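**Student:** To start, I am sharing the structure in question, which I have written as structure tokens.
The values are calculated or read from the model by the stated rules, or taken from the named source; none is laboratory data. Predicted model only: the values in this text are computed from it and were never measured. Note that each Cβ is placed from the backbone with ideal geometry, even for glycine, and that neighbours are counted across all protein chains shown. Surface accessibility is based on the protein's heavy atoms, side chains included, excluding ligands, DNA and RNA. Shrake-Rupley method; radii C 1.70, N 1.55, O 1.52, S 1.80 Å.
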Amino acid sequence: MPVYTFRIQRNQKNAQGTLESRYQEYTLELNETTTVLNALEELKGNQDGTLTFRQSCRSAICGSCAMKISGRTRLACKTHVGSVARDGVIELAPMANQPVLKDLVIDIGPFFRKVHQIKPYLEEGPEKATTVERSSYDQVNHVTQCIMCGCCYSDCTMKEVSEEFIGPAALAKAFRFVSDPREGQKTARLQELSEPGMMWSCTRCAMCIDSCPKDVKPMEAIVKLRTRGMQKGFVDGPGPRHALAFHQDIQKWGDLNEFTLLQRTVGILGSIAELGTALHLLKKGKIPSPFPHQAQGVEQLQKIYKLLEQNPIDVETKAKEVVPE
Amino acid sequence: MSLEFAYYPGCAAKQVQKEADWAARAVARELGITLHAMPQATCCGAVSLRESKPAFSLAVAARILSEAEAQGRHLATICNTCLQTLSHANYRFKNEPELLEKINSVIVQAGVRAYKASINVYHLLWVITDQVDPALLRQKIKKPLNGMRVAPFYGCHNLRPAEILVAKGGESADHLDRLIQLLGGAPVAYNGHDKCCGFHVMLSDATEMRTMVAKNCLSAKDAGAEVMISPCTLCDMAMGAYQKPAENAVGKEINLPEMNFAQLLGLAMGINPDTLGISRLHVDPSAALVARKVL
Ligand code: SF4
Ligand code: SF4
Ligand code: FES
């Protein structure tokens, strides 16, 4: 059996209450398909009883064993040591973007407070549907398999630089309610989600899609939320204005006009703020031309656009129906 | 083997980041890759159009893909966001025949040829690392990097979502590292290599975007990088043009020359720096290049 080295981040609060961090190495002979969680238990049981981590279900259901494993956040109980070892070394650290309590254990409280911010329950209100079709759940079902493990939150590139950002899991949860036919406050929810730090602060980096152990695809939910928000008229803010500028430009010129795009996105005030940077670009002869070249046959796009406005077609991805086995 | 592609440089390479386009054309010529113009191609709409007008964005993509298909060629781009946008649409067209039919029924009414979903979407970088004969590439290297420590900055949309891309994506992607090795450089392993450049929130979350740029660059510098390269015109803009504003935002000096992968490849091939637009870079790479005898 191969020998693996575990490089584990040990974290402990000192007498003053500040966290002290160091790496400690352990070696274990293991089968490639042993899970990281089993390896940790082996270490705790036979080598170092002080090693602290969380676990419960051991079957990728409860979400409590999420931790950084070789650079990415994964469930320790779902990850085989052979798939994450780099030259025989597996590095373990606590999840990022959350306060560390000890070793591999974080305080999940702030994560859940973000989730609670979106009111994760159905609300009464005027938009509640009275009849519910079988197909009504083809959007809801995308996100209901979320186990609130926090992997996406830990790997989110916007979370890394923003305390305020609500994070992928909460937004995926929000989509679950916005798309639920029984929800009575869809529009009010979309209005709240259009505030700063909410759905428009996502960079669209897709890290949460790759990190999620349950294939929830939070970013896809965020894209759909944005579409619904704009449809409800919540278009005030750089995010939606930028998104809307795109289809105007494409129809007119065929190409994106970076000059007017900037102006329409941030408005006059924003443009002035951006001017410092613009001047910086100007030094390199980089101010885009206000007259981008026009592609051939752009009138085709104008026609397509009109056709789709007259006869809208539904192109949303639908979740597969969940049939009990 | 003839390598012929319908070439889709993207809006940034036609306007602000022209140098990436110049460099791409120059290296392609040397490597026997023919990049055919797509005169009807429009902007792909990026991530924004998918949000504001989901059906229209698929129609725009189908029209672009159809033009390449009519040429009988796969499509190659040099912008990660174009890559992801077109790959996403193409992935759906290939896997959802009913969706393709719906979109085709609209575009044909406007005189656009129906798309048959028979082509692939590539990044020019993947073509160079996976389809060009490595022996040919090595033979073209006139100015090897002599062990220069180069930070590969992949950019989100070159990697994720892995399932929609035709090349190895996600954590298993290594094409930029392999390219650096082929050029005689040493790829730097650093935290930021698969992180976000922040371009898409440049205007909505300005401070956060600058912090991202700074963190990525500083983690590369701390790992010993002399130069950073990216395969994306938008990452180039963020990590290069916005490096100064990022320095100001975090109050730390960075000074890490960043350039497009095709520019460094071109330099290693001995192509004239002016042809590659090296003087248009925001952080001057001359000293780093001279130190390794690339210039
Ligand atoms: S796509 Fe958005 S929510 Fe998901 S990880 Fe990236 S920034 Fe975070
Ligand atoms: S979306 Fe996925 S990664 Fe995020 S909390 Fe839910 S299950 Fe975990
Ligand atoms: S222990 Fe429950 S998800 Fe791993």
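**Student:** Other chains near B:7-19: what is the mean number of their Cβ atoms within 10 Å of each residue's Cβ?
**Tutor:** Going residue by residue through B:7-19 and averaging, the value is 4.
**Student:** Projecting each Cα onto the charge dipole of chain B (Lys/Arg +1, Asp/Glu -1 at the beta carbon, about the Cα centre), which of B:Gly240, B:Leu65, B:Ile33 comes out farthest on the positive side?
**Tutor:** Result: B:Ile33.
**Student:** Relative contact order, percent, of chain B when contacts are C-alpha pairs under 8 Å separated by at least 6 residues?
**Tutor:** Normalised by residue count, the contact order of chain B is 20 percent.
**Student:** In whole angstrom, note down how far apart the Cα centers of the stretch B:58-91 and the stretch B:8-50 are.
**Tutor:** 12 Å
**Student:** A further question on this structure: Let me know the volume per residue of the alpha-carbon convex hull for the stretch B:4-123, in Å³.
**Tutor:** 93 Å³
**Student:** Under a Cβ-only charge scheme (Lys and Arg +1, Asp and Glu -1), can you give me the dipole magnitude of the stretch B:4-123 about the Cα centre, in debye to the nearest 20?
**Tutor:** In debye, rounded to 20, the stretch B:4-123 gives about 140.
**Student:** Tilt of helix B:80-95 relative to the longest C-alpha principal axis of chain B, in degrees (0 to 90, nearest 10)?
**Tutor:** Helix B:80-95 sits roughly 30 degrees off the main axis of chain B.
**Student:** While we're on this one: At each listed q (0.22, 0.31 Å⁻¹), what is the log10 of I(q)/I(0) that the Debye formula gives for the stretch B:54-106 modelled as equal alpha-carbon point scatterers?
**Tutor:** -0.83, -1.36
**Student:** Okay, moving on. Can you give the local net charge around B:Glu247? Use residues other than it whose beta-carbon is closer than 10 angstrom to its beta-carbon, Lys and Arg +1, Asp and Glu -1.
**Tutor:** Summing Lys and Arg as +1 and Asp and Glu as -1 gives +2.
**Student:** To the nearest 10 square angstrom, what accessible area does B:Lys140 show with a 1.4 Å probe?
**Tutor:** Here the accessible area works out near 40 Å².
**Student:** A follow-up question, please. Along the charge dipole of the protein assembly as shown, Cβ charges K/R +1 and D/E -1, which of A:Ile90, A:Leu308, B:Phe261 sits furthest on the positive end?
**Tutor:** The Cα lying farthest towards the positive end belongs to B:Phe261.
**Student:** Count the lysine pairs in the stretch B:133-291 whose Cα atoms lie under 28 Å apart, taking only pairs 8 or more positions apart in sequence or on different chains.
**Tutor:** 15
**Student:** Quick check: the angle from helix B:18-30's long axis to the longest principal axis of chain B, C-alpha only, nearest 10 degrees?
**Tutor:** 90 degrees
**Student:** Then there is this: Taking the Cα centre of the stretch A:3-106 as the origin, how large is its charge dipole in debye, to the nearest 20, when only Lys and Arg (+1) and Asp and Glu (-1) carry charge on their Cβ atoms?
**Tutor:** My answer is approximately 420 debye.
**Student:** Out of all DSSP beta bridges in the protein assembly as shown, what portion is antiparallel? Express it as a percent rounded to 5.
**Tutor:** Roughly 50 percent of the DSSP beta bridges within the protein assembly as shown come out antiparallel.
**Student:** Moving to a separate point now. What aspartates and glutamates sit close enough to A:Lys13 to cross-link, taking a C-alpha to C-alpha distance under 12 Å and skipping anything fewer than 8 places away on the same chain?
**Tutor:** A:Asp103
**Student:** Go through A:Trp200, B:Trp22 and list them by solvent-accessible area, largest first, probe radius 1.4 Å.
**Tutor:** Ranking A:Trp200, B:Trp22 by accessible area, largest first, yields B:Trp22, A:Trp200.
**Student:** Still on this structure, I have one more. Taking Rh as the Kirkwood radius, which is the inverse of the mean 1/r over Cα pairs, what is the Rg/Rh value for the stretch A:1-126? Could the numbers behind the result be given before it?
**Tutor:** On the way: Rg = 16.7 Å, Rh = 15.7 Å.
Reported Rg/Rh, Kirkwood definition of Rh: 1.06.
**Student:** So what are the radius of gyration and Dmax for the Cα set of the stretch B:104-192, in Å?
**Tutor:** 17.7, 57
**Student:** Follow-up question, since we're still on this one. With only alpha-carbon atoms counted, please give the Rg and Dmax of the protein assembly as shown, in Å.
**Tutor:** 24.6, 75
**Student:** I'd like to know which of A:Phe177, A:Met207, A:Ile166 lies farthest towards the positive end of the charge dipole of the stretch A:109-231, counting +1 on Cβ of Lys and Arg and -1 on Cβ of Asp and Glu.
**Tutor:** A:Phe177
**Student:** Now for a different question. Measure nothing but the geometry: give the 0 to 90° angle between the long axis through the Cα atoms of B:206-222 and the longest principal axis through the Cα atoms of chain B, rounded to 10°.
**Tutor:** 50 degrees
**Student:** Continuing with this model, one more query. Just the ratio, please: alpha-carbon radius of gyration of the stretch A:109-231 over 2.2 N^0.38 Å, N its number of residues.
**Tutor:** Working: Rg = 13.7 Å, N = 123, 2.2 N^0.38 = 13.7 Å.
Normalised by 2.2 N^0.38 Å, the Cα Rg of the stretch A:109-231 equals 1.00.
**Student:** Same structure again: Could you grab the Rg to Rh ratio for chain B? Cα atoms only, Kirkwood for Rh. Display every interim value, and only then the final one.
**Tutor:** Details: Rg = 18.8 Å, Rh = 19.4 Å.
Answer for chain B: 0.97.
**Student:** Please compute the Kirkwood hydrodynamic radius over the stretch B:155-295, one decimal place, Å, based on all pairs of different Cα atoms.
**Tutor:** 15.5 Å
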